[in-house]
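The values are calculated or read from the model by the stated rules, or taken from the named source; none is laboratory data. Here the structure is a predicted model, which is why all the values come from computation and not from measurement. Using ideal geometry, Cβ is built from the backbone for each residue, glycine included, and neighbour counts are taken over all protein chains shown. Side chains are part of the model used for accessible areas, which takes the heavy atoms of the whole protein and leaves out ligands, DNA and RNA. Shrake-Rupley method; radii C 1.70, N 1.55, O 1.52, S 1.80 Å.
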Amino acid sequence: MTQNLLITGASQILTLRGKTPRRGASLSNLEIEKDGAILIRNGQIAAVGRRSRIEARADARRVEKLDAGGRVVLPGFVDPHTHLIHAASRAEEYELKIQGASYEEIARTGGGILNSVKKLRSATSAALKARACAALEEFSSSGTTTIEAKSGYGLDVTNELRILQLQRELAKEQPIEIVSTFLGAHVVPLEFRGKPGGAERYVDLLLEQMLPQVVNEGLAEFCDVFCDRGAFTRRQTWRILNEGKLHGLTPRVHAEQLSRTGATQLGVELGAASCDHLEQVNASDIQSLAKSRTVATLLPACDYHLGWKQYAPARKLIDAGAIVALATDYNPGTSPTVSMPMILSLACTQLRMTPAEAIAAATINAAYALRRDHKVGSIEPGKQADLAVFEVEDYREIPYYFGIQRCWMTMKSGEIIYMRD
Ligand SMILES: [Zn+2]
């Protein structure tokens, strides 16, 4: 049920209104209303601005009212990189990593992504869905209202399609908006490994069988490839993303995480919506991103969880003029978190982004990374009434607190989908 509602009493409304995407100095511009109000009609923002002006509107008189009680209201978070559907945690690998095994060593012995593939293939759809539903509830209780979600733990025709079909079901059955990405090229599955030309034969299978079915059933908007040491080469990445693009899927790339492969420049050349990770980018990659419409999506929780010291050079990217977004990279191997507030804390302390920059990167620029900045990511007339209300007086306290839950209310298209107590 969609509500008509007048929200007043916020200590700050971070509207994020204005030009998208945000680059350079404009990333800090949150466009804050101090004595403000938000009028919601039919699930959309009808008006936002000074309280006296909004309350004087004829259409604001007879609607239900909500007092934000001195809290901070901001656009619901947009999480532009998740691996939502998976069967189980990889806590056993977490322990091995702490004891000194590297992520790549674990991957070479059948752990890592292949471990999750094995578990997913033997899991029932009901179990996968139940796990994803629980995560989606946690997303909403952390203030997130839109997520991107990737396949990539199936790696055969049946299971890659099954993941995307489950995402479509979930998108209809619960309130969080799910934007689907086909990531059949996550890694080469076990059955194609250790044989000459195995990786190429898997790419053939992906292009000849998976991709056409994904497109025919309308199961994804984006196509992604993990282009890295131990995953796919630059040439294979080009083949897949280019073919996806010919079928109408916009490219995205897992780029420069473990090693520098040149995936970023490839992504920019192909007009990718985003290049994600970017721990190993060099100066020319930063320049390419700065001159492009490709978003640099940074995933600091992944580095944090793996105990790495090298984070993506956020300051250099922002100062060069690249479009920077933030995401959780929610996945069982390297980033088991759904919390955008935690990502903001990491962005501030580890990436040296300011609280304002981090919030803009997790809302309006993240919406741009999903090519949805015309619908979500800011509080502006005509956009969906997607809001998060935090139990703080000043927006800087959102990243300042960490490891505790400060989200008070989450709203999707005018409907309250989470409220504390
Ligand atoms: Zn990822």
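Quick one: which helices (runs of 4 or more DSSP H) lie wholly within the stretch 298-375 and hold at least 2 residues that are in contact with a Pro (Cβ under 9 Å, 6 or more places away or on another chain) and surrounded by fewer than 24 Cβ atoms within 10 Å (Cβ to Cβ)? If you could, list the steps in order and put the result at the bottom.
On the way: elements: 300-306, 314-320, 340-349, 355-361, 364-369.
Answer list for the stretch 298-375: 340-349.
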*Listed residues Ser288, Ser274; which is hydroxyl-bearing (Ser, Thr, Tyr), within 14 Å of the ligand (Cβ to nearest atom) and in contact with a helix residue (DSSP H, G or I) (Cβ under 7 Å, 6 or more places away or on another chain)?*
Ser274
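Within the stretch 271-289, is even one residue assigned to a helix (DSSP H, G or I) and within 19 Å of the chain's Cα centre (by Cα)? Working first, answer last.
Step one: list which residues in the stretch 271-289 are assigned to a helix (DSSP H, G or I), which gives 283-289.
Next, from what is left, pick out any that are within 19 Å of the chain's Cα centre (by Cα): 289.
Yes, there is a match, as at least one residue in the stretch 271-289 is assigned to a helix (DSSP H, G or I) and within 19 Å of the chain's Cα centre (by Cα).
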*Hey, Lys65 more than 26 Å from the chain's Cα centre (by Cα) and open to solvent by 40 Å² or more (accessible area, probe 1.4 Å) or not*: yes
_Residue under question is Leu27, and the condition is that it be assigned to a strand (DSSP E or B), in contact with a helix residue (DSSP H, G or I) (Cβ under 8 Å, 6 or more places away or on another chain), closer than 30 Å to His277 by Cβ and in contact (Cβ under 8 Å) with a residue 40 or more places away in the chain; does it hold?_
no
*Inspect the stretch 155-169 for any residue being buried (at least 24 other Cβ atoms within 10 Å of the Cβ), within 16 Å of Gly112 (Cα to Cα) and either aliphatic (A, V, I, L, M) or more than 16 Å from the ligand (Cβ to nearest atom) (or both) and give the result as yes or no.*
yes
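Can you find, within the stretch 80-105, the residue that is farthest from the ligand (Cβ to nearest atom) among those that are more than 26 Å from Ala134 (Cα to Cα) and touching a residue at least 60 places away in the same chain (Cβ under 8 Å)? It would help to see each step written out before you state the result.
The first filter runs over the stretch 80-105 and keeps only residues more than 26 Å from Ala134 (Cα to Cα), leaving 96-105.
Those still in the list that are touching a residue at least 60 places away in the same chain (Cβ under 8 Å) too: 97-98, 103-104.
Values: Lys97: 17, Ile98: 21, Tyr103: 13, Glu104: 16 Å.
Result: Ile98.
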_Positions within the stretch 241-265 being crowded, with 24+ Cβ neighbours inside 10 Å and part of a helix (DSSP H, G or I), in sequence order_ = Leu241, Gly244, Ala263, Thr264
*asked:* Return the residues of the stretch 233-252 that are under 21 Å from Phe192 (Cβ atoms) and under 22 Å from the mean Cα position of the chain (by Cα); say none if nothing qualifies.
replied: Thr237, Ile240, Leu241, Gly244
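Could you tell me whether any residue of the stretch 208-220 is within 16 Å of the ligand (Cβ to nearest atom), closer than 16 Å to Gly248 by Cα and either in contact with a helix residue (DSSP H, G or I) (Cβ under 8 Å, 6 or more places away or on another chain) or not hydrophobic (A, V, I, L, M, F, W, C) (or both)? Spell out the reasoning first.
Filtering the stretch 208-220 for residues within 16 Å of the ligand (Cβ to nearest atom) gives 220.
Imposing the further condition that a residue be closer than 16 Å to Gly248 by Cα reduces the set to 220.
Pick out the ones that are also either in contact with a helix residue (DSSP H, G or I) (Cβ under 8 Å, 6 or more places away or on another chain) or not hydrophobic (A, V, I, L, M, F, W, C) (or both) and you get 220.
Looking through the stretch 208-220, at least one residue is within 16 Å of the ligand (Cβ to nearest atom), closer than 16 Å to Gly248 by Cα and either in contact with a helix residue (DSSP H, G or I) (Cβ under 8 Å, 6 or more places away or on another chain) or not hydrophobic (A, V, I, L, M, F, W, C) (or both).
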*If you check every pair at least six apart or on different chains, which have Cβ atoms under 6 Å apart with a residue in the stretch 331-351 that is farther than 17 Å from Ala366 by Cβ first and a residue that is within 16 Å of the ligand (Cβ to nearest atom) and basic (Lys, Arg) second?*
Pro332/Arg90; Gly333/Arg90
*asked:* When you check Ala123 against the structure, is it touching a residue at least 24 places away in the same chain (Cβ under 8 Å), under 21 Å from the mean Cα position of the chain (by Cα) and within 29 Å of Glu160 (Cα to Cα), yes or no?
replied: no
*Exactly one condition in (1) more than 20 Å from the chain's Cα centre (by Cα); (2) within 16 Å of the ligand (Cβ to nearest atom) is not met by Phe182; state its number.*
(1)
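Could you tell me whether the stretch 230-237 includes any residue that is aromatic (Phe, Trp, Tyr), closer than 18 Å to Leu298 by Cβ and within 16 Å of the ligand (Cβ to nearest atom)?
If we filter the stretch 230-237 for residues that are aromatic (Phe, Trp, Tyr), which is where we start, we get 232.
With the extra rule that they be closer than 18 Å to Leu298 by Cβ, the set shrinks to none.
No: zero hits.
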